[in-house]
Amino acid sequence: MYLTLRNVEKVYGEGDNAVKVLKGINTDIEKGQICVLLGPSGSGKSTLLNIIGGIEHMDGGEIIVNGLNLAGSSEKQIAGYRRENLGFVFQFYNLVPDLTAKENIEVCAYLSKSPFNTDELLKMLGLWEHKDKFPNQLSGGQQQRCAIGRALVKNPGLLLCDEPTGALDYSTSKEILELIEDINRRYGNTIIIVTHNDAIKNMAHKVMKMHDGKIVKEYTNEVLVSAK
Ligand code: ADP
Ligand code: ADP
């Protein structure tokens with residue numbers, strides 16, 4: 001199993017103000033799966049993603065990613081895991097405004113000693129004609145493609161996407177989801193996507209629904225899994 005979560009808990013605040021926002025999350029995700037995390041606002045999706053991504057600490061339970069137990073790891077090990085194994089994509093792109101699309105991706109390639117050819121990646125992302133533009137000269141969809149390129153350039157085992165289409169219109173959202181599906185097919189990354197967008201159920205190998213800090217429903221899309 002690529003990713004295993006056992007009784008993961010998270011509490012915000014202390015004493016009388018303590019609120020448990022993750023109430024024992026259990027699941028397993030196989031290598032190369034696209035997994036979608038659905039659920040209403042406030043149900044704990046981003047918190048769970050941030051814990052899997054080593055951005056936040058869990059307050060109970062265990063997460064084992066590719067053999068590394070995050071609960072028992074040092075800050076240094078977690079920093080190494082984030083640097084080498086993890087790509088993160090957010091709703092609002094987080095590009096460096098003073099760098100072109102190409103430079104935004106190149107700087108990540110450089111920092112991670114990437115095996116990828118940046119030019120090929122730009123072509124795959126549909127950004128070749130836009131490679132010398134700055135973020136404010138790109139559409140929302142193009143900015144998100146560039147952000148995906150930044151996350152992808154180190155060929156991460158695990159790609160975490162938090163509302164990647166949250167700021168985009170319907171047809172651009174669809175293009176971005178198709179791009180993510182294409183990436184999964186080409187490179188075999190394990191991908192977790194947090195979204196409100198139900199349309200994504202059709203491309204996910206696994207669907208999890210959260211409500212009030214718990215997974216209330218989970219299923220595997222057997223048709224997609226067997227087609228892989
Ligand atoms: P979702 O992504 O499903 O919208 P979140 O994971 O963002 O949910 O939030 C889950 C709950 O945790 C919410 O009730 C939210 O208000 C609370 N929460 C999130 N981050 C913090 C924080 N840094 N401090 C206190 N409460 C937080
Ligand atoms: P809602 O979002 O309205 O609560 P559900 O999550 O119950 O809907 O189901 C939405 C879709 O997911 C349905 O079209 C159904 O075909 C599919 N689905 C639900 N459960 C399973 C399952 N165990 N295996 C495969 N597909 C499922």
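Read-outs: derived from the displayed coordinates by stated rules, not from any lab. What you are looking at is a predicted structure, and each value in this text was computed from that prediction instead of being measured. Every residue, glycine among them, receives a Cβ derived from its backbone with ideal geometry; neighbour counts consider all protein chains shown.
One table, with the values for the structure above:
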{"read-out": "Aspartates and glutamates whose Cα lies under 18 Å from that of residue 23, excluding same-chain neighbours fewer than 8 positions away", "value": "9, 14, 56, 59, 62, 212, 218"}
{"read-out": "Ranked list, fewest to most other Cβ atoms within 10 Å of each Cβ, for 220, 165", "value": "220, 165"}
{"read-out": "Rg(Cα) / (2.2 N^0.38 Å) computed for the stretch 112-211, rounded to two decimals", "value": "1.08"}
{"read-out": "Cα centroid of the stretch 154-228 to Cα centroid of the stretch 11-53, whole Å", "value": "16 Å"}
{"read-out": "Entries of 10/228; 154/209; 174/206; 174/201; 10/214; 31/209 with Cα pairs more than 23 Å apart", "value": "10/228; 154/209"}
{"read-out": "Helical mean residue ellipticity (222 nm; -39500 (n - 2.57) per DSSP H run of 4+; nearest 500) of the chain", "value": "-9500 deg cm²/dmol"}
{"read-out": "Per principal axis, descending, Cα span of the chain in whole Å", "value": "52, 40, 33"}
{"read-out": "Rg and Dmax [Cα atoms of the stretch 1-57; Å; Rg one decimal, Dmax integer]", "value": "12.5, 42"}
{"read-out": "Surface/4 of the Cα convex hull for the stretch 115-162, nm²", "value": "3.6 nm²"}
